[in-house]
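The values are calculated or read from the model by the stated rules, or taken from the named source; none is laboratory data. Because the structure is a prediction, the values reported are computed rather than measured. Don't worry about glycine lacking a Cβ; one is built from the backbone with ideal geometry, like all the others, and counts go over all protein chains shown. For the accessible areas, the whole protein counts, side chains as well, though only heavy atoms, and no ligand, DNA or RNA atoms are used. Shrake-Rupley method; radii C 1.70, N 1.55, O 1.52, S 1.80 Å.
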Amino acid sequence: MGNKKKLIKKGLTELFPNNINTFVDLFAGSGIVSMNTKAKKYIINDVENHLTELYTMFREYSADVIIKHIEQRIDELGLARERTKRNEFKDKVKIQRYKVAYMELRKQYNGQESRLVLDFYTLMFYSFSQQFRFNSKGEFNMPCGNDCFSEKIKNISEMEAIFF
C-alpha cells in the first residue's frame with residue numbers, strides 16, 4: 001500500500017472520471033487504488049497468486065463470512081484482540097501467548113493440504129507489518145507482528161468485501 005497510498009493522499013483518484021463503468025487495476029498489489037475508486041465494475045490483476053486468491057475471496061465470500069471466520073480463529077487459538085506495539089504494551093506474558101497462538105495458526109495453515117484463503121487472510125492481520133512471504137517450500141513464513149484484527153480493520157474488511 002506504500003507508494004500508491006501516498007499517491008491517493010496526494011489526489012490520484014481525484015484525477016479519475018466521476019462515472020467509471022469498468023475500472024482496470026493492472027498492478028493491483030493490495031488493491032488500495034481500487035478500494036478508493038468508485039466504479040460499477042472492477043477488473044483487478046496481479047501476478048502474485050496469493051493476492052489473486054484474496055481478490056477472489058472478497059468476490060466469493062460476504063464480509064460476514066470472512067469476519068466470522070477470523071473471529072472464530074481468534075477465539076479458537078487465543079489470537080490478540082489488542083495491539084501489542086513495542087514500547088507501549090507492557091504485558092510480556094500476553095505478548096508471548098499471542099505469539100504462540102500466531103505460530104499455531106501459521107503451522108496449521110502450512111499443514112493444510114488445501115490451504116484456506118480465509119486462514120491466509122487471518123495470518124496477514126497478525127504477521128509483521130501485515131505482510132506475507134513464502135519460503136522455497138511454499139510455506140508462509142512471516143514472523144508475528146504487533147497488530148490484531150481490530151474494530152477499525154473489521155470495518156475496512158467490510159468495505160473490501162463490497163468492492164471486490
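For the reader, a short list of remarks on this structure follows.
- Taken over the range 63-95, the criterion of being open to solvent by less than 80 Å² (accessible area, probe 1.4 Å), assigned to a helix (DSSP H, G or I) and over 18 Å from Glu151 (Cα atoms) is satisfied by Leu77, Lys94, Ile95.
- Contact map, the range 127-149: first residue among the hydroxyl-bearing types (Ser, Thr, Tyr), second residue crowded, with 18+ Cβ neighbours inside 10 Å and not in a loop (DSSP other than H, G, I, E, B), Cβ cut-off under 9 Å, separation 6 or more or different chains; pairs are Ser127/Tyr102; Ser127/Arg106; Ser127/Phe140; Ser127/Cys144.
- Qualifying residue in the range 103-119 (condition: in contact with a His (Cβ under 7 Å, 6 or more places away or on another chain), at negative phi and part of a helix (DSSP H, G or I)): yes
- Given (1) basic (Lys, Arg); (2) in a helix (DSSP H, G or I); (3) surrounded by fewer than 11 Cβ atoms within 10 Å (Cβ to Cβ), index of the condition Lys4 fails: (3)
- Taken over the range 92-119, the criterion of being modelled with pLDDT under 95 and aromatic (Phe, Trp, Tyr) is satisfied by Tyr98 alone.
- Scanning the range 9-24 for residues that are outside any loop (DSSP other than H, G, I, E, B), in contact (Cβ under 8 Å) with a residue 12 or more places away in the chain and open to solvent by 30 Å² or more (accessible area, probe 1.4 Å) yields a count of 5.
- Among residues of the range 97-133, those that are farther than 19 Å from Glu60 by Cα, small (Gly, Ala, Ser) and either within 11 Å of the chain's Cα centre (by Cα) or surrounded by fewer than 16 Cβ atoms within 10 Å (Cβ to Cβ) (or both), counted: 3
- Tally, over the range 63-91, of residues that are within 14 Å of Leu118 (Cβ to Cβ) and at pLDDT 90 or above: 14
- Residues of the range 25-59 that are assigned to a strand (DSSP E or B), within 21 Å of the chain's Cα centre (by Cα) and of a type outside the set (Asp, Glu): Tyr42, Ile43, Ile44.
- Only one of the numbered conditions (1) open to solvent by less than 70 Å² (accessible area, probe 1.4 Å); (2) touching a strand residue (DSSP E or B) at 6+ places or on another chain (Cβ under 8 Å); (3) not aliphatic (A, V, I, L, M) is violated by Lys41, and that is (1).
- Top-ranked residue in the range 21-50 [being at pLDDT below 90 and small (Gly, Ala, Ser); ranked as farthest from Met124 (Cα to Cα)]: Ser34
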